[in-house]
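The structure under discussion appears below in the form of structure tokens.
A short reminder: the numbers here are calculations on the coordinates, not readings from a lab. A quick note: this is a predicted structure, and the numbers were derived from the prediction, not measured.
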Amino acid sequence: MFRMRVLVGLLTLCIVPFLIPGKQANNSNADSGKGQIVAHKTRSREEIAPEGTIDGSKTPWLIPDAVAYRLFFLTVSEAPIPSEGQIRRQRSRLVQANLTEDEYRAVSTSLSEFKLHQAAFELRYSQIADQLGSVDETSLAKERDAIVESTRQELRNRLGPDAMSRLEAPIQREKRNMKIVPNPSMPEN
């Protein structure tokens, strides 16, 4: 439970600069990747990365869409009934998508639903980990990615192709600032 909370917390904190203007677009749609993923803002190209690390500054097309979108959704989603401050924060994070008011409402609704599904997912896996002492990481990753994909599909259904393209562009650009570091083998107790 603690490990999952730390991972989700780190992922959420590391995506704050997600929609910084002025970066190059990358329209890759790579969805492959193995193992547990930790993504973070690239700080220095001089860092020594563990074997198997995917550095988005060098190969952004290898960052799976499921990772990039999950980080975006975690960062931008707000409570189903957001406060004025939460609405302002969400709008500021979506500004690069240049959404109309109707498009913004559609995105906001989809992201609120994502937040509810994500919270239920985290609670369920935390309870399993508490009961069993561990979780099946393959099942966890599949279910986590399914929540992301269903939200993406819902957005495609609610938005037209133009609005969806405007929403996706900053997400794809941000892949250049991500790294995926393989989960190190943990010793058995």
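A few notes on this one:
- Segment residue 119-residue 91, extension gain: residue separation times 0.36 nm, minus the distance between their alpha carbons: 7.9 nm
- Paired Rg and Dmax values of segment 105-189, which use every Cα atom, in angstrom: 16.4, 52
- Built amide H within the under 5 Å cut-off of residue 78, gap 5+: 112
- Karplus 3J(HN,Hα) series, Hz, for segment 145-153 with 6.51 cos²θ - 1.76 cosθ + 1.60 (x for Gly, Pro): 5, 5, 5, 5, 5, 5, 5, 4, 5
- Between residue 59 and residue 79, residue separation times 0.36 nm minus the direct Cα-Cα distance comes to 3.8 nm.
- With N the number of residues in segment 53-104, Rg(Cα) / (2.2 N^0.38 Å) evaluates to 1.43.
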